[in-house]
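Chemist: Quick one: the structure is below, and I'll ask about it shortly.
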Amino acid sequence: MKLIIGIGGVTNGGKTTLTGRLIKNLPNCCVVHQDDFFKPQDQIELGEDGFKQWDVINALDMDAMVNTVKGWMENPVKFARSHGVTVSPVSDGSDPEREIHILIIEGFLLYNYKPLLDVYSKCYYVTIPYEECKRRRSMRTYTVPDPPGLFDGHVWPMYLKHRLEMENCGLDIQYLDGMRTKDELYNQVYEDIQNSLLNVL
């Protein structure tokens with residue numbers, strides 16, 4: 001059985017931390033990080049707002065990301081092994097269809113790209129308020145540092161725009177409160193995934 005889980009949400013909301021804990025505790029679990037598919041800096045367009053357009057879908061090589069997801073879908077065991085994930089067979093060695101394989105796709109624009117919309121088994125979206133998001137963002141160090149005014153002039157407006165688009169995409173998205181503790185967020189999602197696995201096995 002294959003399960004694809006989307007962990008989307010606002011920048012600095014806690015997506016990567018949550019994903020990191022899940023992949024350690026879910027069976028045969030691989031991850032695709034959307035941030036790994038950013039185009040080179042010289043290919044990022046300058047927008048009308050005066051900022052490099054990092055927070056838009058065109059800043060990402062989404063074809064490569066889709067191909068990576070398809071690679072997992074075609075052969076999750078091979079994908080796992082090539083990414084250093086130990087694959088555990090079903091304990092009784094009976095039906096290989098009962099083997100559980102999980103892919104977590106983590107990123108900030110997961111539900112805004114049509115070719116990926118039909119792959120998700122579960123969709124989560126982490127939210128935090130403006131002030132907390134701005135505070136967390138200001139404390140992070142990025143490879144390409146944020147220029148002054150980027151958060152208010154580009155990052156937050158793009159988040160609001162893309163969230164509105166996402167809310168109209170037709171997916172059943174479970175919203176997560178990123179202000180909860182890391183343990184509370186993890187427990188909520190882990191238990192929900194476990195319940196989903198029990199329902200299909």
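Chemist: Just to verify a result, which residue in segment 37-52, among those that are more than 23 Å from the chain's Cα centre (by Cα) and surrounded by 15 or more Cβ atoms within 10 Å (Cβ to Cβ), is nearest to Val10 (Cα to Cα)?
Modeler: The extreme case among them is Phe51.
Chemist: While we're on this one: So, Asp55, is that one in contact (Cβ under 8 Å) with a residue 40 or more places away in the chain, of a type in the set (Asp, Glu), crowded, with 19+ Cβ neighbours inside 10 Å and within 24 Å of His162 (Cα to Cα) or not? Show your work before the answer.
Modeler: On the way: in contact (Cβ under 8 Å) with a residue 40 or more places away in the chain: yes; of a type in the set (Asp, Glu): yes; crowded, with 19+ Cβ neighbours inside 10 Å: yes; within 24 Å of His162 (Cα to Cα): yes.
Yes; evaluated as a whole, the condition is true for this residue.
Chemist: So for segment 80-96 (the condition being within 16 Å of the chain's Cα centre (by Cα) and at pLDDT 90 or above), does at least one residue qualify?
Modeler: We begin by selecting, within segment 80-96, every residue within 16 Å of the chain's Cα centre (by Cα); these are none.
No - not one qualifying residue is present in segment 80-96.
Chemist: In addition: From the list Pro157, Pro129, Pro148, which residue is within 24 Å of Ile44 (Cβ to Cβ) and exposed (fewer than 13 other Cβ atoms within 10 Å of the Cβ)? Spell out how you get there, then give the answer.
Modeler: Details: Pro157 fails: exposed (fewer than 13 other Cβ atoms within 10 Å of the Cβ); Pro129 fails: within 24 Å of Ile44 (Cβ to Cβ).
The match here is Pro148.
Chemist: Then there's this: If I ask for residues that are closer than 18 Å to Val85 by Cα and part of a strand (DSSP E or B), which ones from segment 5-47 would you list?
Modeler: Correct list: Ile5, Cys29, Cys30, Val31, Val32, His33.
The values are calculated or read from the model by the stated rules, or taken from the named source; none is laboratory data. Bear in mind the structure is a predicted one, so any value in this text is a computation, not a measurement. Note that we place each Cβ from the backbone using ideal geometry, even for glycine, and neighbour counts take in every protein chain shown.
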